[in-house]
Each structure stands twice: as C-alpha cells, then as structure tokens.
Amino acid sequence: ARPPLPLLLLLLLANVAVLTFPEPLLPGAFARDAPEGYVPQDGDVAGSAWSVLTGVGLTDCLTLANITTLTGASGRAYDEERRVLSNFSEAWPTAIAYPASVAQVSAAVICAARHHVPVHPRCGNHANEGETVSTGALTLDLRNMSSVTLEDGNRLARIQGGSTVGNAIGSIQLATNYTRTVVGGQRPTVGWGGYALGGGFGALTRYAGLASDNMVSLTAVMADGKVVNVDAGSGAADLLWALRGGGGGNVAAVVEFVVRTVEVPVVNMLHYDPGTEPTSDTAAVLAALFIRLDNRITMRYDGSGLPDFEISANDIGIDIEGLCVGTTAECIDAMIEAGFQDDGNVSNIL
Ligand SMILES: Cc1cc2nc3c(=O)[nH]c(=O)nc-3n(C[C@H](O)[C@H](O)[C@H](O)COP(=O)(O)OP(=O)(O)OC[C@H]3O[C@@H](n4cnc5c(N)ncnc54)[C@H](O)[C@@H]3O)c2cc1C
C-alpha cells in the first residue's frame, strides 16, 4: 500500500537530506578534543590536527594521520591484502591500514571509533577463521611495526606487535650469538601478536612456560585510542591477565610486548619415528610417555595421519618431534628414562 502523502514527502526529504549532506563532506563538523589521557607521540597526531581527524570520513581520517591505507578503490593490492589464511572466509573490509608508529595506531583506532567501524588488529594473518578481516570493519595491519630489541643484559626482548614469531626468534638468537631465545611456536610465519596473546605454546614450553608466562609488560592501544603501559605493578592487573592468553583482537591492539628471553646453551632437535602405523591408542600411550619426560624436552605427536612433507612425502606413520635443551647424549638418556625404546621402535610399548 502507498504511504499517505505527508509521510511520502517526509521519506523523500529524509533521502534528500542523507544524499545531500553526507558526513564526510563536512570536515570539522564533528570536531572534538583528544580524549583525556591521550598522549600524542612522534608528533603524528597532536593538538589542532585532532579536530580535523575526527571530522572527515574514515579513509580521509587515516590519510590525514599519514597512515598508508588500502580501500576497495586500491584495486588488486586491496584484493590481495584482504585475503586470509582460511579459504572458508572471505570479507571486504572498509579499509586496511598500515600504521608505522604507536601514535598512528592510536589515530587509526580513534578514526574508526569516530565512524563506528570495528577494528581488527592483524599481525601474521594466521588466524584460522579469518578474524582479522570482516566486511565493514577496519583491518589494522601491524606489519610495519616489527622491530625486536634487547635490553637488561639480553634478558628482556621488546617485540613490536607486528613481528612474526620467526622474526622475533631470529633477531634474538642472532643478537645473542644463539645463546638466548624466546618461547616461539612451530612456524616462523605465525604472528607474534596472535600467537602470544593466545597463550603461545612452543617447543620450549615444558622448559620455560608459554609465551604468555614470559610476558613482563605490554604497551597497548585501547578502544578509545589511549596508549597504556601494563605490567604487574601498573594497577591494570585485569588487563595484563586478559592479554596473557585471552586471545588476540579482543581487548586492545598490542603495539609492544616485553618478554623474558630464555638461555639455551645447547639445544637438540628430536625426531622419533618408531616405524609403526598409528592405532587408536597411540595418542594416549604417547601422552603417558611425554608426561614422564624431563622438562627440558618438549615433544609433539602429529596424529593427523597426514604426511609430514618436511621429512618425507611418504612419512605417514607415527611422527614425533621435539626440542631438548641439552646435549644429544643427555636428551637420548632422558627419553629412555621416560620409557622410549632406544632401538627406535616403540611397537612393544604400543
Ligand atoms: C601454520 C600454523 C602453525 C601454528 N603453530 C602454532 C604453535 O606452534 N603454537 C601456538 O601456540 N599456536 C600456533 N598456531 C596458532 C596461532 O598462534 C594462532 O592462529 C594465532 O592467532 C595466529 O596469530 P597471527 O598474528 O599470525 O594471526 P592474525 O590473523 O594476524 O591474528 C590472530 C588474532 O590475534 C589478533 N591480533 C594479532 N596481533 C595482535 C596485536 N598485536 N594486538 C591485538 N590483537 C592482535 C587478531 O586480531 C586476531 O584476532 C599456528 C597456526 C598456524 C596457522
């Protein structure tokens, strides 16, 4: 049914109003002061620039803050950059921004908040469900913030929020002549951000804990753009607790992690292939063996039944690999003590 004439006119006028006065065409109209507590850094966003930033469209806002940004108009680059690891997830974010400083991360978050656009920080882009890209949201890609520096006699590492696990481990090992490292995961391309914020299980975990156990302090940008430094004594215990394993992308954009490094005088990679096919008991039997291992050894059983191509395309048997802090002899002794057979065949145990 047709709406009555006055209502029709009202609807038409409403449309004209929307079409004629879109927000982005009114720079400065929504200007406001920086939120209380906001600390401009590196001179990127300061004082008078603030009102300009908050008065324009999202993309202009990001551009005014000098943040490299891709949108649908960027064509192929945007199309490639919106891809995630999972083939089951596809989305078209409003923009993908590449901040290069803490101040730019803060500015990007404020730009997005001003436009009610959700923000997804992105580090290594290894989220299984594509959590860093969603239609209508802003992807905050932190790859330009990936420096790793050491301090306190190499006992602490400052890892920026866009570093990969491989970059963090590689930089620390290189700088310490391979005497120190951090608890890193299995694949170097995984982002330190998502890995560590989700707990971070690695080949040194039984020896030195999870990545999150080794987080000493963090610098994070909160939803209102505030930059906060969090450590055990900062009075933000809840925030530190949430960021130590609560999962990435939920609470804040973490721009820097301060992490304890681990001394690793001698390390051996272990690979154990009993030469048997897995059975339904294999995982339980191995779990019982693993738990008896000296905590210098962390081992992993791949029960997927898929070949491990790093070893051989034909390797579809029981595949156990791990890391041991100790000499080869010490590591083998520890394995035998836990119940592994030294002839390389555990079939009698299974
Ligand atoms: C091949 C592969 C191997 C893996 N191996 C291991 C392993 O050995 N050990 C292990 O524990 N896990 C492992 N994982 C799981 C991996 O740690 C998680 O998938 C992790 O979330 C990926 O982080 P990312 O930064 O690469 O991904 P992204 O897709 O960039 O981010 C993942 C999530 O974290 C958020 N996030 C990322 N960076 C930040 C930041 N700086 N601040 C705030 N939020 C952030 C994102 O918003 C998103 O929600 C593996 C995953 C894959 C695909």
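The values are calculated or read from the model by the stated rules, or taken from the named source; none is laboratory data. In this text, all values refer to a predicted model and were calculated from it rather than measured experimentally. No Cβ is skipped: glycine too gets one built from the backbone with ideal geometry, and neighbour counts run over all protein chains shown. To get the accessible areas, we keep the full protein, side chains included, count just its heavy atoms, and leave off ligands, DNA and RNA. Shrake-Rupley method; radii C 1.70, N 1.55, O 1.52, S 1.80 Å.
From the list Gly130, Gly136, the lone residue that is open to solvent by less than 40 Å² (accessible area, probe 1.4 Å), within 15 Å of the ligand (Cβ to nearest atom) and free of Cβ contacts under 8 Å to residues at least 60 places away in the same chain is Gly130. I'm checking my understanding of the structure. Among residues of the stretch 214-243 that are assigned to a loop (DSSP other than H, G, I, E, B) and aliphatic (A, V, I, L, M), which one is nearest to Arg260 (Cα to Cα)? Among residues in the stretch 214-243 that are assigned to a loop (DSSP other than H, G, I, E, B) and aliphatic (A, V, I, L, M), the one nearest to Arg260 (Cα to Cα) is Ala232.
Among residues of the stretch 170-191 being more than 7 Å from the ligand (Cβ to nearest atom) and buried (at least 24 other Cβ atoms within 10 Å of the Cβ), the one that is farthest from the chain's Cα centre (by Cα) is Ile172. With respect to the conditions (1) in a strand (DSSP E or B); (2) out of contact with any Asp or Glu (no Cβ under 8 Å at 6 or more places or on another chain); (3) open to solvent by less than 50 Å² (accessible area, probe 1.4 Å), Ala108 lacks only one, and its number is (1). When Glu151 is tested against the conditions (1) within 18 Å of Ala203 (Cβ to Cβ); (2) more than 16 Å from the ligand (Cβ to nearest atom); (3) open to solvent by 50 Å² or more (accessible area, probe 1.4 Å), the lone failure is (1). Run His120 past the list (1) over 30 Å from Arg180 (Cα atoms); (2) open to solvent by less than 10 Å² (accessible area, probe 1.4 Å); (3) within 13 Å of the ligand (Cβ to nearest atom) and report the number of the one that doesn't hold. The one condition His120 does not meet is (2). Is at least one residue of the stretch 198-215 in contact with a Phe, Trp or Tyr (Cβ under 7 Å, 6 or more places away or on another chain), within 9 Å of the ligand (Cβ to nearest atom) and over 22 Å from Asn268 (Cβ atoms)? Scanning the stretch 198-215, I find no residue that is in contact with a Phe, Trp or Tyr (Cβ under 7 Å, 6 or more places away or on another chain), within 9 Å of the ligand (Cβ to nearest atom) and over 22 Å from Asn268 (Cβ atoms), so the answer is no. The set of residues from the stretch 292-323 being part of a strand (DSSP E or B) and modelled with pLDDT of 90 or more comprises Ile297, Thr298.
Residues that are in a helix (DSSP H, G or I), free of Cβ contacts under 8 Å to residues at least 60 places away in the same chain and either over 15 Å from the mean Cα position of the chain (by Cα) or surrounded by 18 or more Cβ atoms within 10 Å (Cβ to Cβ) (or both): does the stretch 154-166 have at least one? I'd like the intermediate steps shown before the answer.
The initial filter retains those residues of the stretch 154-166 that are in a helix (DSSP H, G or I), namely 165-166.
Pick out the ones that are also free of Cβ contacts under 8 Å to residues at least 60 places away in the same chain and you get 165-166.
Cutting the leftovers down to either over 15 Å from the mean Cα position of the chain (by Cα) or surrounded by 18 or more Cβ atoms within 10 Å (Cβ to Cβ) (or both) gives us 165.
Checked the stretch 154-166: at least one residue is in a helix (DSSP H, G or I), free of Cβ contacts under 8 Å to residues at least 60 places away in the same chain and either over 15 Å from the mean Cα position of the chain (by Cα) or surrounded by 18 or more Cβ atoms within 10 Å (Cβ to Cβ) (or both).
Condition first: among the acidic types (Asp, Glu) and within 16 Å of the ligand (Cβ to nearest atom). Now tell me which residues in the stretch 230-287 satisfy that.
Step one: filter the stretch 230-287 for residues among the acidic types (Asp, Glu), giving 231, 238, 256, 263, 273, 277, 281.
Once the filter is applied, which keeps residues that are among the acidic types (Asp, Glu) and within 16 Å of the ligand (Cβ to nearest atom), the stretch 230-287 yields only Glu256.
The residues of the stretch 169-202 that are in contact with a strand residue (DSSP E or B) (Cβ under 7 Å, 6 or more places away or on another chain) and without any contact (Cβ under 8 Å) to a residue 24 or more places away in the chain, listed by number, are Ile169, Ser171, Gln173. The condition (being in contact with a helix residue (DSSP H, G or I) (Cβ under 9 Å, 6 or more places away or on another chain) and free of Cβ contacts under 8 Å to residues at least 24 places away in the same chain) is satisfied by just one residue among Val262, Val255, Val230: Val230.
What's the total number of residues in the stretch 175-204 that are in a helix (DSSP H, G or I) and modelled with pLDDT under 95? Full working, then the answer.
Here is the first cut: in the stretch 175-204, the ones in a helix (DSSP H, G or I) are 175, 192-197.
Okay, now just the ones that are also modelled with pLDDT under 95, so none.
Adding up the residues that qualify gives 0.
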